[in-house]
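Any read-out appearing in this document is the output of simple, stated calculations on the displayed coordinates, not a laboratory observation. This structure is a prediction, so every number in the text was calculated from the model and none was measured. Please note: Cβ atoms are built from the backbone with ideal geometry, for glycine as well, and neighbour counts cover all protein chains shown.
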Amino acid sequence: MPRAVQNPRVPLDLAERTLELVDVPSESWQESALAELVRALVPLELVYDDDLTLLFRRGASEQPLVVFAGHLDTVPENENLPGRIDGGAVHGLGASDMKGGLAVMVELARWAAAASELALDPAFLFFPREEISVEHSPLPRLFNNGLIADAALVVVLEPTDNELQVGCVGNVNARLRFVGRSAHTARPWLGVNAIDLAVEGLGSVAGLAPHDVEVEGLPFREVLSLTRIEGGRADNVVPDLVEATLNFRYAPHRTPAEAEARLRELAGGEVEIVSHSPAAPVAVDNELVQRLRDNGFPITPKQAWTPVAQFAERGLDAVNFGPGAPRYAHTRDEQIEISALERSFEALRVLLSP
């Protein structure tokens with residue numbers, strides 16, 4: 001098995017650490033074994049351990065607190081376990097999203113534990129159930145504990161191709177109902193066909209063009225998509241109900257209430273909000289973000305929802321910055337370049353160094 005070229009400042013071959021994490025299955029709701037491995041690997045004080053949510057701290061410090069955060073879970077296996085190292089990359093389930101980011105966190109924590117002096121006070125947060133609905137997130141319970149309430153910055157190591165991705169779009173799922181009146185298809189004039197109502201009512205939504213919005217000089221794209229449609233009872237019955245599901249991704253210049261109002265304006269009819277994950281503001285003015293930016297990492301918008309929004313809801317500046325490539329996330333040949341792992345580690349090591 002080929003080995004990565006070792007950066008002398010990296011304490012362990014990050015490729016091997018990533019592969020070790022990949023080879024511990026951790027689909028959502030099944031993260032226990034990986035959490036146990038992380039407990040064994042990180043030589044810092046475990047100040048919070050609840051529901052597979054682990055928070056490690058270096059110890060008392062007067063330096064600004066920076067939290068490095070990453071989720072333990074992956075999507076279901078797709079013939080991509082066990083993993084392998086090949087062609088300058090680690091291949092396998094979760095390599096990009098986000099076992100590579102976790103490997104950087106683990107090795108950064110091990111390096112910080114041995115460092116005599118740091119410019120910042122690092123904390124390392126590992127948590128489960130990110131790849132499923134936000135309603136299952138354990139983070140609100142951690143927030144209520146107040147352990148990271150004074151963080152100067154949260155760095156979520158989601159796959160970003162080593163770009164600083166700031167903000168994130170909000171995510172609203174909604175249901176639109178079209179109610180007709182059932183009848184026999186031999187006498188359809190006695191009923192009101194809910195499919196006909198839906199065809200007419202969804203005309204303003206189907207194929208709606210994206211709406212580009214600039215926030216703090218960064219381009220976000222608002223999109224409204226039809227994702228499901230259901231209706232009909234039998235081949236000889238005029239349907240009396242059709243339900244359509246809408247997904248609205250909105251830019252971080254809107255409040256949650258404004259986003260829901262905009263969705264109702266676009267969709268018309270009676271919209272039922274099913275779930276809503278708010279957008280995250282753009283943290284471009286944060287001093288630590290600027291330090292990373294000055295080290296050559298471009299700032300781009302996050303055209304997706306990530307846990308940065310959960311931290312932002314608590315008033316914390318948060319950014320996405322990780323070694324994974326979004327184009328490989330959740331794919332059968334998921335992979336991460338070894339050079340990207342080393343670049344992330346070195347950038348964050350420099351950030352923490354005096």
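Using C-alpha pairs below 8 Å separated by at least 6 residues, the relative contact order for the chain is 25 percent. With viscosity set to 0.692 mPa s and temperature to 37 °C, compute the Stokes-Einstein D of segment 170-277, Rh being the Kirkwood radius across alpha carbon pairs; µm²/s, no decimals. The calculation lands on 218 µm²/s. In a fully extended conformation the segment linking Asp294 and His330 would gain 9.8 nm over its present Cα-Cα distance, using 0.36 nm per residue.
Scanning residues 5 or more positions from Glu158 or on other chains, those with amide H under 5 Å from its amide H are Phe321, with H placed 1.01 Å from N in the peptide plane.
Taking 0.36 nm per residue of sequence separation and removing the Cα-Cα distance, the Glu272/Ala113 pair yields an extension gain of 52.3 nm. Calculated mean residue ellipticity, 222 nm, the chain: -7500 deg cm²/dmol, from DSSP H runs (n ≥ 4) at -39500 (n - 2.57) each, averaged per residue and rounded to 500.
Here Asn145 and Asp285 are evaluated by their C-beta separation; at R0 = 22 Å the FRET efficiency comes out at 0.20.
For the peptides 80-87, 53-60, residues were scored by their other Cβ atoms within 10 Å and the scores averaged per peptide; the highest-first order is 53-60, 80-87. When only the Cβ of Lys, Arg, Asp and Glu is charged (+1, +1, -1, -1), the dipole of the chain relative to its Cα centre reaches about 320 debye.
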